[in-house]
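Asker: Structure in structure tokens, see below.
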Amino acid sequence: MRRINTRELDREITAQPPKVTRQLLNRIYLYLKPYRLQVGLSILVILFASLLGVLPSMLTGRIIDEGFIGGNFTKLVTLIAASFLVLILTGLVGLLQSYLGSWLSQNIGKDMRNHMYGHLQKLSQGFYSSGKQGEIITRMTSDISGVQSFVTGTLTQTIANLATLTTSMIAMFQLNGALAIVAILIVPLLIFPIKLVGKKRWELTNESQDLNDEANELLNETLSVSGQQLVKLFTKEEAEYARYSSINENLTTVKIKEATVGRWFRMIAQTFVEAGPMFIYLVGGFMLLVNNHQGLTVGDITVLVALMSRMYRPLMQLMDIHIEFIRSLALFTRIFDYLDMPVEIENKPNATLPTDITGDLRFNNVTFHYTEQSPILKGINFQVNEGETLAIVGPSGAGKSTIFNLIPRLYDVTGGEIKMGGHDIRDLDLHFLRQNIGMVTQETYLFNASIRDNLLYAKSDATEEELIQACKEANIHTFISNLPDGYDTEVGNRGIKLSGGEKQRLSIARVFLKDPKILILDEATSSLDSLSEGLIQEALSSLLKNKTSLVIAHRLSTIMSADKILVLEDGKEVERGTHQQLLQNDGMYKLMYDTQFKPYLNEERTLVSA
Ligand code: ATP
């Protein structure tokens, strides 16, 4: 489980403290609400454990007074047996308490993770392309774990600490009011110096960790291949050495201070904690021996000392509780900020779910921008009738992939409309729309699973025959059959165990299985060996057959076999027509033909015949 970086969190809190609002607390409560019975039970167990915690000291007092001083051996044995039982019971209640705590925190964590994952699935492609992957994983893992430890740690500890303090104080007053007041006043006074030194120690630990981070960053930067190259080429060896040795010097000083203060801390803590009983012995002794206090016994004084010792830890922890609360609220706020990110692309409430649809596709004056200041598509109009192929060509950055992203609504148009089978795609049921669109991109993404599972991702109920048929059409069946594990072969992380060409053919098989109405194909620019290319080309042309297709074409053969060609430049259509018409136009297409396509003409011929 990833752990929260508390220093980073504290810095964030200092810069922007979380606002404690009723709304925030209500939202947190909503996660606890389904488990309120268990929360109640957990609190009862904690209270019971605190009550039990008082008993051993009380019994010790009676062992001294009634057993030893009273000289009653039978009573002594009975009281010892009772203490033993209390010990066992305390252990068992402790187990129950920790089981309930983990059960609650794990279930709350599970709900939050499910909620977050469900929400993340709905966020648009724009959110993912903003490169926040590290942050998303942190929210999903360490932030939610931080909140979980708040439930098991801070929350239960606070209740337990309050209960321990209350039960100890009540028990003390029961024994002797005057001594109870002395103990209750003395404990905070003794804790104060321990806290002061503790704070100094904490500051030094932070300082040394910061310096450590700084040193590590410098090592990472300068001792990497490229880092070293840069240092050498700019002759910065001495400067970097000076920087490193200065950090090292500071680190040494801080570490020595940290160790010294640490020793002081332990010494002060030990002295002050152990000095506590002396005060009780002194005041108790005075009352018992000088003042002849009636009703106070040696056993009572022993019990009071034991009860007093129970108060140190809870009191110290409660003194820091506000920090833990603020940290947890900050974590909740970070998580809620993510959950509040708007879902930009979603189903309309009355989305149309046709029983069937034609594969006609129409762009009507479509405009689009990723960011308002830079328009990408500036009024695109075209129509592709069912079964036709439209090839889109144009220089890099013209907006070809952007057009593709708009069709399955990975992004929504910012102006105009896209129609499929006569329906504005924003009115169609989103699942229906995406089910009817197949996309083959240059980058093939496969999951770390078997070939079969990767294929079934396209159609979970596909039969074995359908899988084989799709793979045959994608020219990959023979390859798969020759593998020792056949369709059950694991493809490795992102399909690492397959070659680029095999991955592409597998992704084509996936689209065959999906059998969409509209096909979007971003033809690969990277060249593979001619046999592999030939197999892919063959698979693609059988995939394109009888389907409405849009192709970002890089190969002349694909372009020439298209029904129409759209030439795009800077988000605008500059030419449109067939290959022959466009060559005669002597415009952008002719230029691209002469510089990009013609030189590879012979190579493609070889490929097609391969
Ligand atoms: P190529 O042939 O190089 O793939 P393209 O014609 O497909 O180019 P697009 O990928 O559609 O071009 O990009 C068009 C413009 O939009 C480019 O200027 C690009 O930088 C910008 N762009 C693409 N994706 C994003 C994004 N997610 N956020 C912001 N700008 C983007």
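Asker: Identify all residues within region 287-299 that are open to solvent by 50 Å² or more (accessible area, probe 1.4 Å), part of a helix (DSSP H, G or I) and within 24 Å of Leu79 (Cβ to Cβ); write none if there are none.
Answerer: Of everything in region 287-299, just one residue is open to solvent by 50 Å² or more (accessible area, probe 1.4 Å), part of a helix (DSSP H, G or I) and within 24 Å of Leu79 (Cβ to Cβ), namely Val298.
Asker: Could I ask something else about it? Looking for whichever is in contact (Cβ under 8 Å) with a residue 60 or more places away in the chain and of a type outside the set (Ser, Thr, Tyr) here; the options are Arg409, Arg434. Which one fits?
Answerer: Exactly one of Arg409, Arg434 is in contact (Cβ under 8 Å) with a residue 60 or more places away in the chain and of a type outside the set (Ser, Thr, Tyr), namely Arg409.
Asker: Continuing with the same structure: So which residues in region 469-509 are within 19 Å of Gln537 (Cα to Cα) and over 35 Å from the mean Cα position of the chain (by Cα)?
Answerer: Once the filter is applied, which keeps residues that are within 19 Å of Gln537 (Cα to Cα) and over 35 Å from the mean Cα position of the chain (by Cα), region 469-509 yields Gln469, Ala470, Cys471, Lys472, Glu473, Ala474, Asn475, Ile476, His477, Thr478, Phe479, Ile480.
Asker: Consider Arg362 against the criteria (1) farther than 14 Å from His423 by Cα; (2) part of a strand (DSSP E or B): it satisfies all of them except one. Which criterion is unmet?
Answerer: Of (1) farther than 14 Å from His423 by Cα; (2) part of a strand (DSSP E or B), only one is false for Arg362: (1).
Asker: Still on this model: Mind checking whether some residue in region 103-125 is open to solvent by 20 Å² or more (accessible area, probe 1.4 Å), of a type in the set (Lys, Arg) and within 16 Å of the ligand (Cβ to nearest atom)?
Answerer: No, every residue in region 103-125 fails to be open to solvent by 20 Å² or more (accessible area, probe 1.4 Å), of a type in the set (Lys, Arg) and within 16 Å of the ligand (Cβ to nearest atom).
Asker: Another question, if that's okay. Give region 328-376 a look and list any residue that's in contact with a Phe, Trp or Tyr (Cβ under 8 Å, 6 or more places away or on another chain) and under 30 Å from Thr158 (Cα atoms), or say none.
Answerer: Ser328, Leu331
Asker: Determine, yes or no, whether Glu66 is farther than 28 Å from Lys110 by Cβ and in a helix (DSSP H, G or I).
Answerer: Yes, satisfied.
Asker: Okay, next question. Confirm whether Arg426 is in a loop (DSSP other than H, G, I, E, B) and either of a type in the set (Lys, Arg) or within 16 Å of the ligand (Cβ to nearest atom) (or both).
Answerer: For Arg426, the condition - in a loop (DSSP other than H, G, I, E, B) and either of a type in the set (Lys, Arg) or within 16 Å of the ligand (Cβ to nearest atom) (or both) - is met.
Asker: For region 217-229, does any single residue satisfy the condition of being among the hydrophobic types (A, V, I, L, M, F, W, C), open to solvent by 80 Å² or more (accessible area, probe 1.4 Å) and closer than 27 Å to Glu203 by Cβ?
Answerer: There is no residue in region 217-229 that is among the hydrophobic types (A, V, I, L, M, F, W, C), open to solvent by 80 Å² or more (accessible area, probe 1.4 Å) and closer than 27 Å to Glu203 by Cβ.
For every residue, the table says whether it meets (1) outside any strand (DSSP E or B); (2) away from the ligand (no atom under 16 Å from the Cβ); (3) at pLDDT below 80.
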site	(1), (2), (3)
Leu498	yes, yes, no
Leu513	yes, yes, no
Leu531	yes, yes, yes
Ala539	yes, yes, yes
Leu550	no, no, no
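Asker: Every residue in region 197-242 that is of a type in the set (D, E, K, R) and touching a residue at least 40 places away in the same chain (Cβ under 8 Å), please.
Answerer: Within region 197-242, Lys200, Arg201, Glu207, Asp210 qualify.
Asker: Sticking with this structure for a sec: Looking at region 346-375, which of the residues that are closer than 27 Å to Leu123 by Cβ, charged (D, E, K, R) and away from the ligand (no atom under 13 Å from the Cβ) is farthest from the chain's Cα centre (by Cα)?
Answerer: Lys348
Asker: In region 451-478, what residues are within 20 Å of Asn493 (Cβ to Cβ), open to solvent by 10 Å² or more (accessible area, probe 1.4 Å) and not in a loop (DSSP other than H, G, I, E, B)?
Answerer: Passing the criteria: Arg452, Asp453, Leu456.
Asker: With the requirement that a residue be open to solvent by 50 Å² or more (accessible area, probe 1.4 Å) and touching a Pro at 6+ places or on another chain (Cβ under 9 Å), what does region 56-89 give you?
Answerer: Correct list: Leu87 only.
Asker: Next up: When you scan region 273-286, do you find a residue that is outside any helix (DSSP H, G or I) and under 26 Å from Ile170 (Cα atoms), even just one?
Answerer: no
Asker: Would you check which residues across region 376-417 are closer than 24 Å to Thr578 by Cβ, within 16 Å of the ligand (Cβ to nearest atom) and not in a loop (DSSP other than H, G, I, E, B) and list them?
Answerer: Leu377, Gly379, Ile380, Phe382, Leu390, Ala391, Ile392, Val393, Lys400, Ser401, Ile403, Phe404
Asker: With the requirement that a residue be farther than 14 Å from Ile552 by Cα and open to solvent by 20 Å² or more (accessible area, probe 1.4 Å), what does region 380-412 give you?
Answerer: If the condition is that a residue be farther than 14 Å from Ile552 by Cα and open to solvent by 20 Å² or more (accessible area, probe 1.4 Å), then Asn381, Gln383, Asn385, Glu386, Gly387, Glu388, Leu410, Tyr411, Asp412 are the ones that fit.
The values are calculated or read from the model by the stated rules, or taken from the named source; none is laboratory data. Nothing here was measured: the structure is a model prediction, and the numbers come from that model. Using ideal geometry, Cβ is built from the backbone for each residue, glycine included, and neighbour counts are taken over all protein chains shown. Surface areas here come from the heavy atoms of the whole protein model, side chains and all, with no ligands, DNA or RNA. Shrake-Rupley method; radii C 1.70, N 1.55, O 1.52, S 1.80 Å.
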